[in-house]
Every structure is written in structure tokens, then in C-alpha cells.
Amino acid sequence: MDSPVGKKLTGLVAATFTPLTPQGEINLPVIGLYIDYLLEHQGVRNVFVNGTTGEGMSLTVEERKKLAEEWCGKGKGRLEQVIIHVGCMSLKDSQDLARHAARAGADGIAVVSPSVFKPSDAGVLRQFLQEVAAAAPDLAFYYYHIPALTGVNLLARDVLEGIEKQIPSFRGLKFSGSDLMDFGQCVSYCPSDWSILYGMDEQLLAALVMGANGAVGSTYNYLGRKANSILSAFEKGDLTRARTLQFEVQDGISYAVKLGFDVAVNKSLMSEVSGLDLGPPRLPLRPCPQPRAVSIAQRLREGPATGPIPRQNTDG
Ligand SMILES: CC(=O)N[C@H](C=O)[C@@H](O)[C@H](O)[C@H](O)CO
Ligand SMILES: CC(=O)C(=O)O
């Protein structure tokens, strides 16, 4: 370990789905297979557990603990880093989960802003984060910024102001927003041992240009290989290649969005692509109609069915 709170987090991080049984109970035995799949088929070595994609807010504290234990236990010696999302509406629940993540052997924790009672300014959100971080002071701590989902429209850069003084274990953020100016200002604020992870998979390349150290996202579960190729093309300076791959990702996501795309559809898509049985989503998400997942999976595999129709030369 290079610093008291662990190794810098870089590269791709899959925001994991939560496997449920057909009856809607957490399905722990799938997790070992899930880890095999990420490592062997996607080249993804880091996970972000119990976040948005994992329906973390729809799970009980007890379920979240069991999932954290399973991911940390099965990931040990195989995954590089297991980050557990411990954000809750209740500070006490978040602290409980933070302490638990430390005991379970997590490499870091992340916290989203509470969103029913929204923090009225960046200062009070920092205070909330600080009190969660203090419950697990030896774990790397990340702020999870996702304004479209929380409705907390603070600039991430404002949340970072002076945060290193309040949270000695602070190591970076997961930025799931489209505001690349705010993102750039975060990168420019952060010391080099922090990790700035981007979370809108459809425009990862733009964030790499702006200085992202890696990315956390749902699509890295099933498009990890392609996203890894974006990272390596970017590192080699081959922007043409990186852009071509990014456009392929954009085609798949925009196709999905046209058919209707949410965490439930995304989860079915992962089951369809990986062959893992992740089961249904939990209410209030509606189960995904099977043909939709099949159709998106096909689009990801094959790209657009037809290119432009070649023009006949009629004028000569
Ligand atoms: C709202 C949401 O789930 N965002 C994910 C992470 O932040 C992303 O990985 C998106 O799922 C992805 O960029 C596709 O839109
Ligand atoms: C994408 C992400 O980080 C999440 O699902 O929480």
C-alpha cells in the first residue's frame, strides 16, 4: 500500500447489478460467477457495489451488508478494488454501513448526497460526508456526484472545497454528470493521488481528455472490453480509434434510450449479454420486457443493421 488508505483507483470500475432470485431476494451465489465474468470476459478488475445500478437505495441495510461481504469475500485476491457505496437517507445507516465495509475488507467507500431532505449548500453536504467518513477513517473515501438522480444541483467543485481538511481519508470522486467544466475544475483542484472517475459512459473520451483517472459505470459490466480499448487507444494518442469506439458505445446507448432504458432494462441486458441470471429488479422499477433486452444486446453485438444505402451512379 502506497498511502495509509490504499492504492490509487484507476481504469474501469463496474457499477454492479444486484442479483435477485425470482422471488426478489438477494441471490448471493451469483456473485462469485459475476466476478469470474468481469475478470475473464470484460477485463474489469474493480467494482462499485450497492450504487445506483445495484439498486442500493432499494435494499435494506442488512441486505447491503450481506452483498458487501460477498463481493469483498469472493473478490479477495482476484479483484483489484471493491468500493462499497454506503450512502443512505439516514446518516446513522450510512455510518453503520461504513463501519461494516471496513470490517468486510472493502478497499474504499463512496457516498451519494441524501436526496429527500436535500443539503441546502455544499458546506452542509461536506459535513454529512465528513460524519460518514469518520465512521471508517482508514478507508479511502469517495464522493458520488449524480445530480440528475439526486436533484442536488451543487457543483462538485464546490463540494470539494477544503474537503481534504475535513476528511483526511478523502481520495476522490465519481462524477456522473455531463458538466465537463465542473468536471475539469474538480480535476484541476485534486492532488495527483486522488482519483477522479467519470460516470457517463457515453462520453468517457471527453472526460479522459479533461483528465479523468478512470471511470465507474453500468455499461462496463458488458462493454468493459470496448471501454478498455478506448482507454488504451487514448493512452497511445490514437484519438481516431478512441472516437470510433466511443461512437459505437454511443450508438448502443442511444438505441437503448430510444427503446426505453433504465436500471431494470440495463440489468436484463447484462443477463442477456453475460448469461448470468441476475433476476428481476425490485419495485418501484418495472421488469424489463425480454425482447427489449434481446434487441439491445443484438445492437451492441452487431451495430446498426444497415449502413447508408450505396448510391447508384446514374449521371455518367
Ligand atoms: C444513472 C446511471 O445509472 N448512471 C450510470 C453511472 O453513473 C452510468 O453508467 C449510465 O448507466 C451509463 O452512462 C448509461 O447512460
Ligand atoms: C454508475 C454508478 O456508479 C452507480 O450505479 O452507482
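None of the figures in this text is laboratory data; all of them are computed from the coordinates on show. Computed from a predicted structure; not experimentally measured. Neighbour counts are summed over all protein chains in view; Cβ atoms, including those assigned to glycine, are modelled from backbone coordinates with ideal geometry.
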Residues of segment 121-148 being assigned to a helix (DSSP H, G or I) and surrounded by fewer than 19 Cβ atoms within 10 Å (Cβ to Cβ), which ones? G123, V124, Q127, F128, Q130, E131, A148
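Do the conditions hold for T240, that is, is it surrounded by fewer than 21 Cβ atoms within 10 Å (Cβ to Cβ) and either away from ligand 1 (no atom under 16 Å from the Cβ) or polar (S, T, N, Q) (or both)?
Working: surrounded by fewer than 21 Cβ atoms within 10 Å (Cβ to Cβ): yes; either away from ligand 1 (no atom under 16 Å from the Cβ) or polar (S, T, N, Q) (or both): yes.
Criteria met by T240.
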Cβ pairs under 6 Å, 6+ apart, first in segment 188-199 and acidic (D, E), second in a loop (DSSP other than H, G, I, E, B) and within 16 Å of ligand 2 (Cβ to nearest atom): none
Take the residues in segment 215-251 that are within 16 Å of ligand 2 (Cβ to nearest atom) and assigned to a helix (DSSP H, G or I), then tell me which one is farthest from G172 (Cα to Cα). V249
Here is a check on your reading of the model: is E55 among the acidic types (D, E), surrounded by fewer than 24 Cβ atoms within 10 Å (Cβ to Cβ) and more than 15 Å from the chain's Cα centre (by Cα)? no
Anything in segment 149-196 that is over 17 Å from the mean Cα position of the chain (by Cα), part of a helix (DSSP H, G or I) and not charged (D, E, K, R)? List them, or say none. V159, L160, I163, Q166, L180, M181, G184, Q185, C186, V187, S188, Y189
Among the residues of segment 199-220, is any over 25 Å from V82 (Cα atoms), within 13 Å of ligand 1 (Cβ to nearest atom) and surrounded by fewer than 21 Cβ atoms within 10 Å (Cβ to Cβ)? yes
